[in-house]
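Heads up, the thing below is written out as structure tokens.
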Protein chains: 2
Amino acid sequence: MKKKTGGSTVLDKADMRILSLLQREGRISNVTLARRVNLSPSPCLERVRRLEAAGLIQGYGARLDAAALGFGTTAFIQVTLDRTTAEVFDRFRDEVVLIPAVAECHMVAGGFDYLLKLRLADMDAYRSVLATIVDLPGVAQTHTYVVIEPIKADLGLPLGS
Amino acid sequence: MKKKTGGSTVLDKADMRILSLLQREGRISNVTLARRVNLSPSPCLERVRRLEAAGLIQGYGARLDAAALGFGTTAFIQVTLDRTTAEVFDRFRDEVVLIPAVAECHMVAGGFDYLLKLRLADMDAYRSVLATIVDLPGVAQTHTYVVIEPIKADLGLPLGS
DNA sequence: AAAAACACCGCACAATATTCCGGAGAAGGT
DNA sequence: ACCTTCTCCGGAATATTGTGCGGTGTTTTT
């Protein structure tokens, strides 16, 4: 990994492979990782540390079985606000991120304002959370899409290598 | 962690805390984890192994900076199929999961059939992927919502502890 | 009440991570 | 083309961690 002017970095094949492997197996030992990228442990660890320091690796996490832990239902909610002023947006954002069931929140272009991904125990929990959301400041209308079947789960970026 | 009849398991406070900690810091050492749950390393590791064997922990992964790695654009695409037969559904699913840019795919109820989450480099990549998707078997129409601003990223289940 | 089962702890050994050093290769300047 | 400089690589020693075993206290079963 070479440093570039301006604090940015350039990633070579080995770095990409490290990222790809760690993305899928975040807890493999450094020696195993080094073997798989055809490096000795020390430079491999040095690269990992640099990737972490550069912020390319933001952290590590365990993938949990949502259904087994009482979050078997996923739903998407489209939210439209009643006015498109900065103040209304800010207030909505500040409050929506505090709702634990809201796993993701995206501001989108193309018809409505926000798209929310919810992780819920069941439909009862959904009713309760929806009541919370429609009461958020500025919410004009919502539309819910309940996930019937998960086809593909998020397993990270398609780094290929 | 106690075993229950039927291969299922019951999770106590310590297990929930282990899951919560590992979800956010998947690479902490077992001794550190043990300290934080007020256990000695050996039973703590035994619990982790059991949670892994039970499938509650499905794996570990690094969280990468998507924007820095050339996936700065996120888009959601609603897909409606032309007929709602099992054969059409199956063919679509088999092919859509093979597209690398498709990070997630959910079958949903409430207006259209599938909701896709795409991770893309830019709008040029979007055009190319959209062309691929509309050419998939059975696709009648699509509607895209491009993410302008990410408000909340998926950081796992709200286990609280 | 006795016995079994369970979960915990602490210790010993193996594996791993971390840090140091010397050496090799590439880029840039003269 | 040569030399300087910089960066990276590989190996060895030390510190830390992971792992398996025996022992103990507590709870549950009969």
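The values are calculated or read from the model by the stated rules, or taken from the named source; none is laboratory data. From a predicted model like this one, the values you see are computed outputs, not experimental measurements. Note: ideal-geometry Cβ built from the backbone for every residue, glycine included; neighbour counts use all protein chains shown. For accessibility, only protein heavy atoms count, side chains too; no ligands or nucleic acids. Shrake-Rupley method; radii C 1.70, N 1.55, O 1.52, S 1.80 Å.
Numbers at a glance
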read-out: Condition check for A:G26: within 11 Å of chain B (Cβ to nearest Cβ) and either within 16 Å of DNA strand C (Cβ to nearest atom) or at pLDDT below 95 (or both); value: yes
read-out: Check on B:L56, more than 17 Å from A:L69 (Cα to Cα) and more than 14 Å from DNA strand C (Cβ to nearest atom); value: no
read-out: Test: residue in segment A:70-83 that is out of contact with any Leu (no Cβ under 8 Å at 6 or more places or on another chain) and under 20 Å from B:T144 (Cβ atoms); value: yes
read-out: Members of segment A:142-161 that are more than 19 Å from the chain's Cα centre (by Cα), facing another protein chain (nearest Cβ under 7 Å) and surrounded by fewer than 17 Cβ atoms within 10 Å (Cβ to Cβ); value: A:I148, A:E149
read-out: Matching strands (runs of 3 or more DSSP E) fully within segment B:15-112 where at least 3 residues are of a type in the set (V, I, T) and crowded, with 19+ Cβ neighbours inside 10 Å; value: B:73-81
read-out: Number of the condition not met by A:G59 [criteria: (1) more than 9 Å from chain B (Cβ to nearest Cβ); (2) under 20 Å from B:S20 (Cα atoms)]; value: (1)
read-out: Inter-residue pairs, beta-carbon under 6 Å, first within 20 Å of A:L155 (Cα to Cα) and in segment B:46-60, second of a type in the set (D, E), 6+ apart; value: B:G55/A:D65; B:L56/A:D65; B:Q58/A:D65
read-out: Hits in segment A:126-141 (condition: open to solvent by less than 30 Å² (accessible area, probe 1.4 Å) and in a helix (DSSP H, G or I)); value: A:V129, A:I133
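Residue-by-condition table, conditions (1) within 16 Å of DNA strand C (Cβ to nearest atom); (2) in contact with a helix residue (DSSP H, G or I) (Cβ under 6 Å, 6 or more places away or on another chain); (3) outside the structural domain of B:V134 (by TED's automatic domain parsing):
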{"residue": "B:K13", "(1), (2), (3)": "yes, no, yes"}
{"residue": "B:T32", "(1), (2), (3)": "yes, no, yes"}
{"residue": "B:C44", "(1), (2), (3)": "yes, yes, yes"}
{"residue": "B:R49", "(1), (2), (3)": "yes, no, yes"}
{"residue": "B:Y60", "(1), (2), (3)": "yes, no, yes"}
{"residue": "B:T73", "(1), (2), (3)": "no, no, no"}
{"residue": "B:L81", "(1), (2), (3)": "no, yes, no"}
{"residue": "B:E87", "(1), (2), (3)": "no, no, no"}
